[in-house]
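Every read-out reported here was derived from the displayed coordinates using simple, explicitly stated rules and does not represent laboratory data. None of the values given here were measured: they were computed from a predicted structure. Because the Cβ atoms are built from the backbone with ideal geometry, glycine has one as well, and the counts that use them run over all protein chains shown.
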Amino acid sequence: MAIQTVGVIGAGQMGNGIAHVFAVAGYDVLLTDISRDSLDKAIALIDRNLERQVSRDKITAADKAAAMGRLRTTMTLSDLGRTDLVIEAATERETVKQAIFEDLVPHLKPETILTSNTSSISITRLASRTDRPEKFMGFHFMNPVPVMQLVELIRGIATDEPTYKTLLGVVESLGKTAASAEDFPAFIVNRILMPMINEAVYTLYEGVGSVQSIDLAMKLGTNHPMGPLELADFIGLDTCLAIMNVLHDGLADTKYRPCPLLTKYVEAGWLGRKTNRGFYDYRGDTPVPTR
């Protein structure tokens, strides 16, 4: 089917980035959230990010104006029922996602494709709670969405070929590249990335190195643009812990056991950049390691 209108659920970090790239690519976008303040902040952020792209000659001022003109917001979830494609980008909790789909499904057109931007939760299980498991897929964007080139496409056990082919075309229309993954815990990127971050936390926990030395070693020793602890703060330590728990529970292997220090930071509410403290303290002019 031809996709022209896109509904995005959740106006947070991922949702506003997804809305941004779809609007630039020529889709009509309807962004929803339970908070009017979150919607207003998302539109303001998209405007600033588009302006940054104009200043770097990535897009023209006319492109920006057209993209902003394609963006609409609503606090009424059922308004998304008229769209051709829905991308759920709410918080990474399965109960929240299931409740959203339960409320939305009665209002959808029969041909609407449902997707989730989940970074780790079973697509098959999410799909099974809807009326269209064959038209349900994982549509996992990387953060920050306007910059990162990859989109993971995850097929549930019931996903049909036309749905997969349609979304493959959508990814190409965004100027991004798709990597197809099977529906196993954390898919490809986080299956590899999160254990590395968790191991970096264990390295800190066991006193092998300090925050600074661990990040410096990985940046200069393996040419990573960010150290693993700095990256964990950027992602959010609560998200890292949630994905490690999905891996540990879903694969029943002790190598995925979340580091107790990671759990402790989350219990303290030190979740990284979004709370101004994680493995670094961001409250001053320069980030300072907290251990």
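Results, tabulated for the structure shown:
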item	result
Residue match in the range 92-101 (condition: surrounded by fewer than 22 Cβ atoms within 10 Å (Cβ to Cβ), charged (D, E, K, R), under 21 Å from the mean Cα position of the chain (by Cα) and not in a helix (DSSP H, G or I))	yes
Residues within the range 102-114 that are without any contact (Cβ under 8 Å) to a residue 60 or more places away in the chain and either in a loop (DSSP other than H, G, I, E, B) or out of contact with any helix residue (DSSP H, G or I) (no Cβ under 7 Å at 6 or more places or on another chain) (or both), tallied	7
Exclusive hit being of a type outside the set (S, T, N, Q) and in contact with a Gly (Cβ under 8 Å, 6 or more places away or on another chain), set 274, 255, 264	274
Near pairs, Cβ below 9 angstrom, 6+ apart or cross-chain, from the range 223-236 (part of a loop (DSSP other than H, G, I, E, B)) to any residue that is of a type in the set (Lys, Arg)	225/219; 226/219; 227/219; 236/273; 236/274
Filter result for residue 165 (closer than 27 Å to residue 81 by Cα, of a type in the set (D, E, K, R) and without any contact (Cβ under 8 Å) to a residue 60 or more places away in the chain)	yes
Count - residues of the range 1-38 that are surrounded by fewer than 20 Cβ atoms within 10 Å (Cβ to Cβ) and either touching an Asp or Glu at 6+ places or on another chain (Cβ under 9 Å) or outside any helix (DSSP H, G or I) (or both)	11
Selection within the range 250-266 - out of contact with any His (no Cβ under 7 Å at 6 or more places or on another chain), in a helix (DSSP H, G or I) and touching a residue at least 60 places away in the same chain (Cβ under 8 Å)	250, 251, 255, 261, 262
Selection status of residue 116, surrounded by fewer than 16 Cβ atoms within 10 Å (Cβ to Cβ), of a type in the set (Ser, Thr, Tyr) and on the phi < 0 side of the Ramachandran plot	no
Count - residues of the range 266-291 that are surrounded by 16 or more Cβ atoms within 10 Å (Cβ to Cβ) and over 20 Å from residue 226 (Cα atoms)	1
The range 169-191, residues that are touching a helix residue (DSSP H, G or I) at 6+ places or on another chain (Cβ under 6 Å) and in a strand (DSSP E or B)	178
Any hit, the range 175-183, residues being hydrophobic (A, V, I, L, M, F, W, C), in contact with a Pro (Cβ under 6 Å, 6 or more places away or on another chain) and under 30 Å from residue 261 (Cβ atoms)	no
Failed item, numbered, when residue 251 is tested on (1) out of contact with any strand residue (DSSP E or B) (no Cβ under 9 Å at 6 or more places or on another chain); (2) crowded, with 16+ Cβ neighbours inside 10 Å; (3) not β-branched (Val, Ile, Thr)	(2)
